[in-house]
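To keep things clear, I will list the structure first and then write my remarks on it.
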Amino acid sequence: MLLAPDTWKLLAGISIFLLGMHFLEEALKSLTGRSFKLFLKKNTSSKPAAIAAGAIVTAVLQSSSVVNLMVLAFVGAGVITMHNALAIMLGSNLGTTVSSWIIVTLGFQLNIESLALPVIGISGIAMMLVNKDSRWRNWCMFFLGFGFLFFGLSFIRTSIEQTVQQLDLSTLNEKPAILFVLAGLLITSLIQSSSATVAIVLSALHVNAISVFAAMAIVLGSEIGTTVKLILASLKGVAVKRRVALGNLLFNIINALLIFIFLEPIYKLITSTIGIHDNLVALVFFQTFTNLTGIIIFYPFLEIFGRFLEKRFTSTVNETAYIHKVKVTDTELAMLALEKEAQHFIYHVCIFSLNVFDYKTTEHKQFAINPLFEPQKLPGKYEYIKHLHGEAQTYSIQLQDATTGTEQQYRIHQLISSFRNSMYAAKNIKDALPDIEQLKKSSNDLKFDFYLHTKERVGLFFERAIVLLGSENDPTNFQRLTSIYNATQEGYNKTLRELYRESVLRNVNEVEFSTIVNFNREMYTAEKSVVFSLKDYLLRGNEENYFDELPGFIR
C-alpha cells in the first residue's frame, strides 16, 4: 500500500482526520472543560458511577486521551483514589467507541464530502471573523473539526478504494492474526489516535481490502496502542501518575490478550450467532464488545488491582525529600523532617524561578535537586512544586494533630506559612511566563532591555536567597534578610519611577506599557513572597515579629 499512487492522499486524509479530532478536543475542552472536570470529580463516589462518568465524558469529548490525562491530574493531586481512577479509565475505553459508531453511521451512509465541505467553509471563515476569546469561536472550531473529521475520512476512503483497484490485497488476509494486532498497535502508537486507526480500518473493510477477522485483530492492537500517550505523559511525573498509566496499560494488554485467545469464537458469535452481516457494524460492535468485556472482567478486582499498583514505583525517587521517611507519630523526628522539607521546597522554587529566565546559577553543593524535577520542562517543574506543596501541607496538618506542645505547634504554623509563601512566589513567576516570552522575543529595544535587566536582577535576588537558605544557624540572618527586603522594596520603587519617565512612555504603546508594569509587579511580588518564606523558615521571636509589622510595598 505504501507504494501505491494514492499513498499521499491516504496520508493527507489521516492528517486532516487527526486535525479534525484536535479541533474537536480543543473546542470541547474550552466549552465544557471545567464542567466535565467537576463532573468527573463528583462522580467517583462508587465504581459504577466512575465507570459511567468516564464513558459519558469520553463519548462527548471524543477522546479517551483527554479524559485519561484529566484523571492523571486528579490522581496526582490526590482528588480521587487509585481504584476509582481505574474505573473511570475502564469507562473511558467504552466511551471512545461512540466515535466509531458515529463514523460507521454517518461516514459510510452519506455523501460525506458534500456534507463536510459546506461545514468546513462556513465554520472556517466564521472562526476567523469572530473574536478569539468568544465562545462562538469555540463553536466554530467544533464544527470545523467535525467537517475536517469527515473530509479526512473521505480522503482515506477514496485513497484505499483506488489502491484496491490497482493492487491485489487479498493475500493479506492469509497472514497470521498476530501481525494485524501488531499493525494496529504500531499505527495507533504513531498517530496517537485509536479513532483514526478505526477510521482507516473501516475504510479498508468498506472496499473489502481486508477481512472482518483481520480488521478485528487490528482494532485489538489499537486498544493497546492508545495507551502510549498516557505513558509518555506520566514518565517524568510523580509516582502516582506512573501507577495510573501502568494500570491503564495492563488493563488494555490483558483484555486484548484474552480477546485475542478467543478471537475466532468471538468472530463467529458476532457474524453467525448474533447475525451481524454488515461488516462495518460488525467491527464496531466487536470494539464495543471488547471494552464491555474489559469492564466485566476487571470490575470485581478494581480495589485489589489498585492496591497492587500502589506498591509499584515505591523504590524510585520520592517527590518529597524527607517527610516520606518519617511517620508523624514520631513527632521529634517529624519536626526535623518538616523543617528540612521546607528548605528543600524553597530551594526548588528558587531554581524554578531561575530556570524561567534561563539564568545560569552557580553550584550549591549543600542542596540536591530532585531527579524528578530536574529533567522536566517549566510546566512540569511547576506541577512538581504544586504536588510537593500539597504533600507538605498534608503532612504539616497531620503533624499538628499529633503534637501537643505549644512551641511545636507554633513552629509547624511557621513552616506552613513558609511553604505557602514559597508557593505564592512560584505562582507569580508561572503567571508571568507569557509576559516573559513576549518581552524576551520583542523587537522593541526598550522591552527587550527591560527583560535583560529583570533577568539579571531576579537572578541575583534568588542567588542571595539560596545562600541565605543554606545558613539557617547564622546569627546575622536577620540583618541579611532585612537587607534583601529593603533592597527589594527600593528596587521596586526605583523601577516604577523609571518606567513612568516620558522617554519610556514615548517608546511603547498603552498595552505594552501595561504589560511591563504588570510584569514588574509580578516579579517583585514573587520576591517579597520569598523573603517572607525565608523569614518564616529562619527567624524566631522578635526578629520574626519585625517583618510581620513591615508595611507592604507592592502597590
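The values are calculated or read from the model by the stated rules, or taken from the named source; none is laboratory data. Because the structure is a prediction, the values reported are computed rather than measured. Because the Cβ atoms are built from the backbone with ideal geometry, glycine has one as well, and the counts that use them run over all protein chains shown. Ligands, DNA and RNA are excluded from the accessible area calculation, which covers all protein heavy atoms including side chains. Shrake-Rupley method; radii C 1.70, N 1.55, O 1.52, S 1.80 Å.
Please go through the range 335-367 and pick out each residue that is open to solvent by 30 Å² or more (accessible area, probe 1.4 Å), of a type outside the set (Phe, Trp, Tyr) and in contact with a Gly (Cβ under 7 Å, 6 or more places away or on another chain).
Of the range 335-367, the ones open to solvent by 30 Å² or more (accessible area, probe 1.4 Å) are 336, 339-340, 355, 358-363, 365-366.
Going one step further and asking which of them are of a type outside the set (Phe, Trp, Tyr), we end up with 336, 339-340, 355, 358, 360-363, 365-366.
Listed by number, the list holds a single entry, GLN366.
For the range 536-547, how many residues are at pLDDT 80 or above and open to solvent by less than 10 Å² (accessible area, probe 1.4 Å)? Talk me through it step by step, then tell me what you get.
Residues of the range 536-547 at pLDDT 80 or above: 536-540.
Cutting the leftovers down to open to solvent by less than 10 Å² (accessible area, probe 1.4 Å) gives us 536, 539.
Adding up the residues that qualify gives 2.
Would you mind telling me which numbered condition in (1) closer than 29 Å to HIS22 by Cβ; (2) open to solvent by less than 60 Å² (accessible area, probe 1.4 Å); (3) modelled with pLDDT of 80 or more; (4) assigned to a helix (DSSP H, G or I) THR163 fails?
For THR163, the failing item is (3).
Counting only residues that are at pLDDT 80 or above, open to solvent by 30 Å² or more (accessible area, probe 1.4 Å) and hydroxyl-bearing (Ser, Thr, Tyr), which one in the range 497-523 is farthest from LYS430 (Cα to Cα)?
Looking at the filtered set, the residue picked out is TYR500.
Being open to solvent by 20 Å² or more (accessible area, probe 1.4 Å), hydroxyl-bearing (Ser, Thr, Tyr) and at pLDDT below 85 is the requirement here; does THR158 meet it? Outline the logic, then answer.
Numbers: open to solvent by 20 Å² or more (accessible area, probe 1.4 Å): yes; hydroxyl-bearing (Ser, Thr, Tyr): yes; at pLDDT below 85: yes.
Judged against the criteria, THR158 is a match.
Looking only at the range 483-496, how many residues end up being open to solvent by 20 Å² or more (accessible area, probe 1.4 Å) and of a type in the set (Ser, Thr, Tyr)?
Residues in the range 483-496 being open to solvent by 20 Å² or more (accessible area, probe 1.4 Å) and of a type in the set (Ser, Thr, Tyr): 1 in total.
Considering only residues that are open to solvent by less than 30 Å² (accessible area, probe 1.4 Å), at pLDDT 75 or above and more than 25 Å from PHE150 (Cα to Cα), which ones fall in the range 19-48?
Once the filter is applied, which keeps residues that are open to solvent by less than 30 Å² (accessible area, probe 1.4 Å), at pLDDT 75 or above and more than 25 Å from PHE150 (Cα to Cα), the range 19-48 yields nothing.
For the condition at pLDDT below 80 and in a helix (DSSP H, G or I), what is the one hit in PHE150, PHE143?
On the way: PHE143 fails: at pLDDT below 80.
Unique residue meeting the criteria: PHE150.
Being open to solvent by 50 Å² or more (accessible area, probe 1.4 Å), in a helix (DSSP H, G or I) and on the phi < 0 side of the Ramachandran plot: is that true of VAL467 here?
Details: open to solvent by 50 Å² or more (accessible area, probe 1.4 Å): yes; in a helix (DSSP H, G or I): yes; on the phi < 0 side of the Ramachandran plot: yes.
The answer is yes for VAL467.
Checking LYS441 against (1) touching a Phe, Trp or Tyr at 6+ places or on another chain (Cβ under 9 Å); (2) at pLDDT 90 or above; (3) open to solvent by 30 Å² or more (accessible area, probe 1.4 Å), only one condition comes out false. Which one?
Failing condition for LYS441: (2).
Looking at the range 336-359, is at least one residue of a type in the set (S, T, N, Q), in contact with a Ser or Thr (Cβ under 8 Å, 6 or more places away or on another chain) and part of a helix (DSSP H, G or I)? Reasoning before the result, please.
Taking the range 336-359 first, the residues of a type in the set (S, T, N, Q) are 343, 353, 355.
Filter once more, so that each one left must be in contact with a Ser or Thr (Cβ under 8 Å, 6 or more places away or on another chain): none.
No, the conditions are met nowhere in the range 336-359.
Enumerate the helices (runs of 4 or more DSSP H) found wholly within the range 205-285, keeping only those where 1 or more residues are open to solvent by 30 Å² or more (accessible area, probe 1.4 Å) and free of Cβ contacts under 8 Å to residues at least 12 places away in the same chain. Before you say what the answer is, go through the steps one by one.
Numbers: elements: 212-225, 228-234, 239-261, 263-268.
Qualifying helices (runs of 4 or more DSSP H): 228-234, 239-261, 263-268.
Would you confirm, using the coordinates I've provided, whether ILE187 is crowded, with 20+ Cβ neighbours inside 10 Å, at pLDDT 85 or above and closer than 19 Å to ALA12 by Cα? Explain how you work it out, then say what you get.
Numbers: crowded, with 20+ Cβ neighbours inside 10 Å: yes; at pLDDT 85 or above: yes; closer than 19 Å to ALA12 by Cα: yes.
Yes.
Quickly run through the range 444-464 and pick out the residues that are modelled with pLDDT of 90 or more and part of a loop (DSSP other than H, G, I, E, B).
none
Output the residues belonging to the range 402-419 that are open to solvent by 40 Å² or more (accessible area, probe 1.4 Å) and free of Cβ contacts under 8 Å to residues at least 40 places away in the same chain.
Within the range 402-419, THR404, THR406, GLU407, GLN409, TYR410, HIS413 meet the criteria.
Listed residues TYR500, TYR492; which is under 37 Å from the mean Cα position of the chain (by Cα) and of a type in the set (Phe, Trp, Tyr)?
Working: TYR500 fails: under 37 Å from the mean Cα position of the chain (by Cα).
Criteria check complete, one pass: TYR492.
Could you grab me the full set of residues in the range 470-482 that are of a type outside the set (S, T, N, Q) and surrounded by 17 or more Cβ atoms within 10 Å (Cβ to Cβ)?
PHE478, LEU481
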